[in-house]
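First comes the structure, then the notes that go with it.
The values are calculated or read from the model by the stated rules, or taken from the named source; none is laboratory data. No experiment lies behind these values; they were computed from the predicted model shown. FYI the Cβ positions are ideal-geometry reconstructions off the backbone, even for glycines, and counts take in every protein chain you see. Calculation scope for accessible area: heavy atoms of the full protein, side chains included, ligands and nucleic acids excluded. Shrake-Rupley method; radii C 1.70, N 1.55, O 1.52, S 1.80 Å.
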Amino acid sequence: MPRPTIADIAREAGVSSGAVSFALNGRPGVSEATRTRILQVAERMNWRPHSAARALGGARARAVGLVLARPARTIGLEPFFGQLLSGLQAGLSGDGTALQLLVVEDTAAEIEVYRRWASEHRVDGFVVVDLQVHDPRVPVLEELAVPALVMGGPGRHGSLPSVWADDREAMVSIVDYLAALGHRRIAHLAGLPAFQHTRRRIRAVRDCARRLGLAEAVSLPTDFSDAEGAAATRALLARRQRPTAIIYDSDVMAVAGLRVAAEMGVAVPDDLSVVSFDDSALARIVHPSLTALSRDTFALGEQVARELLAVIADPSAARDVQNPTPRLTVRESTARAAS
């Protein structure tokens, strides 16, 4: 079915195309009765403004894009993303801006969406997550010259502004805490190795192991899913010399690890300490409750929204903003290492 035009609406409403333009754009020049009739016809015909025409007119799209190249099943399970998305939309709503979300299969598809949405003037800017090593998205977004803000850092994101927290410092706080409890064999179930934050956390564990003289500190990559978290936990606990503590890069994996430990008769925290890099209601309601790194993810989303809106309004406002490092909240899942 062809897209309805202003001429179609004018013909249906029995008015001139100029009157339709005035009515649809909220401009004076038509009576309230005529404006109401035109708007009713436009709604009945499902008319929407043409994005290219809107772009030529310099109008804002009143939307911000977030494209996620992650397995959809893991996003749906992670409380972190739920809180982040809620915070983003809350921060955008006050400006009358919507959040346009799309989940794609890989980075190439993500880049194609950036190009398409930019050419169609579908969004005013982008939020970019999961910063990669040698990230191919950064030069594309710089080339498109559409406002974009990276969640992650520090550095390695070209000229794009960012909001970031120190993953390395946060991981160091976990390992130092576990070492103080006497743990000498520590495992880390990491996320996807292409992500910069995963690399930083893995390096932090390795460097802490050297500094503290730990007997073992191994990092195993996963896709953040409960299935891979459970499988990796099962393999670790089946070892003859199993770790006495496991750090999980997500609370979903940590909860899956708790279940596996219970199935295998490994008591938490008496035989195994468990720490999650993410905190959420999920971490607090399981038994035993999870020691975790805590931060206000909803407030983080709001801050990202504010910073991006500022860049959209004034590109010279672009800056890198460091958030406070997440703090370790000690709960029931950690204890001194068994002697």
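What to note about this one:
- Computed E for E216/R122 - FRET, C-beta separation, R0 56 angstrom, nearest 0.05: 0.65
- Binned Cα-Cα distances of region 82-124, short to long, each 5 Å bin given as a whole percent: 5, 20, 22, 20, 22, 9, 1
- Distance in nm between pseudo-label sites at R156 and A313 (7 Å out along the Cβ direction from Cα): 3.3
- Residue-normalised accessible area of region 66-117, expressed per residue, 1.4 Å probe, Å²: 43
- Compared with the direct C-alpha span, the chain from Q322 to D270 gains 15.0 nm at full extension, assuming 0.36 nm per residue.
- For the pair M45 and H287 in one chain, pulling the backbone fully straight at 0.36 nm per residue adds 81.6 nm over the alpha carbon distance.
- Helix 107-119 axis, angle to the chain major axis (alpha carbon atoms, nearest 10°): 20
- Within the chain: Cβ-based charge dipole about Cα centre, in debye rounded to nearest 20 (Lys, Arg +1; Asp, Glu -1): 140
- Spread of Cα-to-Cα distances over 10 Å intervals beginning at zero, given as percent, for region 226-339: 14, 37, 22, 15, 9, 3
- Residue with peak Gaussian network fluctuation, the chain [Cα springs, cutoff 10 Å], from S16, S219, S280: S16
- Extent of the chain along its three principal axes (Cα atoms, max minus min coordinate, largest first): 87, 38, 30 Å.
- Here the alpha carbons of region 187-226 define both size measures, Rg and Dmax, at 10.5, 31 Å.
- Accessible surface, region 152-309, averaged per residue in Å² (probe 1.4 Å): 38
- Diffusion coefficient of region 89-174 by Stokes-Einstein, Kirkwood radius over Cα pairs, 25 °C, 0.890 mPa s: 172 µm²/s.
- Region 180-292: mean projected area of Cα convex hull, nm²: 6.5
- Beta bridges assigned by DSSP with both partners in the chain are antiparallel in approximately 10 percent of cases.
- Taking the accessible area of region 134-234, probe 1.4 Å, and keeping the other protein chains in place, the carbon and sulfur fraction comes to 55%.
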